[in-house]
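Read-outs throughout are calculated quantities, based only on the coordinates presented, and are distinct from any laboratory measurement. Please read all numbers here as calculations on a predicted model, not as lab measurements. So basically every Cβ, Gly included, is an ideal-geometry build from the backbone, and we count neighbours across all protein chains shown.
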Amino acid sequence: MKIACLAGDGIGPEIMAEALKVLDVLAIEGLELGHADVGGTAYHKHGHPLPPETLALCQASDAVLFGAVGDPTCDALERHLRPEQAILGLRQALTLFANLRPATMFAGLEDLSALRPEVARQIDLLIVRELNGDVYFGEKAIRTLPDGRRQGYDFMSYAEDEVRRIAHVAFRAAQGRKKTLCSVDKANVLETSQLWRDVVIEVSAEYPDVALSHMYVDNAAMQLVRNPGQFDVVVTGNLFGDILSDQASMCVGSIGLLASASLGEKQTQYGTLGLYEPIHGSAPDIAGQGKANPMAMILSLAMLLRHSLGLEAQAARVEAAVAQALADGIKGADLGGSHGTAAIGDAVASRL
Ligand code: NAD
Ligand code: IPM
Ligand code: MN
């Protein structure tokens, strides 16, 4: 079993260290870890955010554990050299089109949600975000119009097969949960969304046991804070899923708690090839201060154990240890607590 560990930028290395601490306690036999540079760190060392050696390591592994990328000193670089291109490039190169972003309320955190406790208590949802298409990967440019004005241009599109494959992932996820799927789009304005909706409805014929509904994204953003308990599985495009998942994180209490799995169709000997990362970024505002909450990273490791290594029992152990640490009052500054990154990692490790 081989895991590629890419710590990346900002708080990436700090939270990666805690996930590796937890992994160490599990003492999984036959596990091999590889490490490589990614993001701004890789750009500064090798001149590219996703060096060929890094990509090769990921391609030769069963799973990728990913910290975060993003470095303000790189924001003026040509787009293809910016740190964010590394994660976009990996998602594309490994055809990781299905991004699972669970948001569940932890016992004891109800008062720390941005929502009222009685509303927050009901949160148990899974955002299934398409990750290989949409406006993210269309042609883009800042171009000059014939009359000399500059125009920003990003082409949004979804092909029907791209929608179909993510819809299948979402319907299957719903079958394993409360059998309720809400597809979020902007079909009242966008043709891309109209096709999305049409295809999701076509696919639904194969899942008569799942109750399908549709919601416009503006309403979905509102409903997510009004009554998040109404959602079970939410399936949506790349851009809407990005935004709604950050929003969902504050409903649960902090962006430092939300993990993700990015999966494709490639099977390895042990499970599905995947990349696992917190939904948050490199948090340059707190990097290097030992303040970052590593729980999202540790919970991403749990998803890795489950989906890519087939180690369900170990995954559940890690998740239980995080839940126990939170119940015991182990909280970072993001949750109004005083525990630092390493102390939180230690607390989770000691509860395993
Ligand atoms: P961010 O998620 O990095 O940070 C947003 C806010 O949340 C900040 O105030 C930060 O301190 C806080 N925060 C984030 N993670 C935290 C944690 N684990 N513990 C405590 N607080 C935490 O988003 P941003 O500031 O918009 O972006 C910073 C950089 O990260 C940008 O370069 C962006 O492109 C990049 N980014 C990368 C990824 C990724 O690697 N997948 C995801 C999102 C953003
Ligand atoms: C995320 C991030 C990325 C995205 C950026 C860094 C490219 O925000 O993983 O949520 O937009 O997908
Ligand atoms: Mn995001």
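Below, the figures for the structure above:
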{"read-out": "Note, ³J(HN,Hα) from phi for segment 178-191, Karplus 6.51, -1.76, 1.60, rounded to Hz, x at Gly and Pro", "value": "9, 6, 10, 10, 10, 9, 9, 8, 9, 5, 6, 10, 9, 5"}
{"read-out": "Among 72-82, 155-165, the order from most to least packed when residues are scored by Cβ within 10 Å on average", "value": "155-165, 72-82"}
{"read-out": "Near-label residues of segment 321-352 by backbone N, under 15 Å of a point 7 Å along Cα→Cβ of Asp111", "value": "327-331, 335-338"}
{"read-out": "By average C-beta atoms within 10 angstrom, highest first, the peptides 22-31, 275-284", "value": "275-284, 22-31"}
{"read-out": "Normalised contact order of the chain, rounded percent, pairs of Cα under 8 Å and 6 or more residues apart", "value": "22"}
{"read-out": "Mean-position separation - Cα centroids, segment 232-301 and segment 3-45, in angstrom", "value": "15"}
{"read-out": "Charged-residue dipole, Cβ positions (Lys, Arg, Asp, Glu), segment 110-252 about Cα centre, Debye nearest 20", "value": "180"}
{"read-out": "FRET efficiency for Ser157 and Gln230, using Cβ-Cβ distance with R0 set to 30 Å, rounded to 0.05", "value": "0.50"}
{"read-out": "For the chain, Kirkwood radius (reciprocal of mean inverse C-alpha pair distance, Å)", "value": "20.7"}
{"read-out": "Segment 125-203: equivalent-ellipsoid semi-axes (sqrt of 5 x gyration tensor eigenvalues, Cα, Å)", "value": "32, 12, 10"}
{"read-out": "Extension reserve of the Gln194-Arg79 stretch, reckoned as 0.36 nm per residue once the Cα distance is removed", "value": "38.4 nm"}
{"read-out": "Within the chain, percent of DSSP bridges classed antiparallel, to nearest 5", "value": "45"}
{"read-out": "FRET efficiency, 1/(1 + (r/R0)^6) with R0 35 Å, evaluated for Val25 and Met222 via beta carbons", "value": "0.25"}
{"read-out": "Cβ-based charge dipole, the chain, positive-most Cα from Ala187, Ala7, Ala120", "value": "Ala120"}
{"read-out": "Length gained when the stretch Gln175-Glu139 is fully extended (0.36 nm per residue, less Cα-Cα span)", "value": "9.4 nm"}
{"read-out": "Among 286-293, 142-149, 114-121, 245-252, the order from most to least packed when residues are scored by Cβ within 10 Å on average", "value": "245-252, 286-293, 114-121, 142-149"}
{"read-out": "Debye log10 I(q)/I(0) at q = 0.21 Å⁻¹ for segment 110-252, Cα point scatterers", "value": "-1.24"}
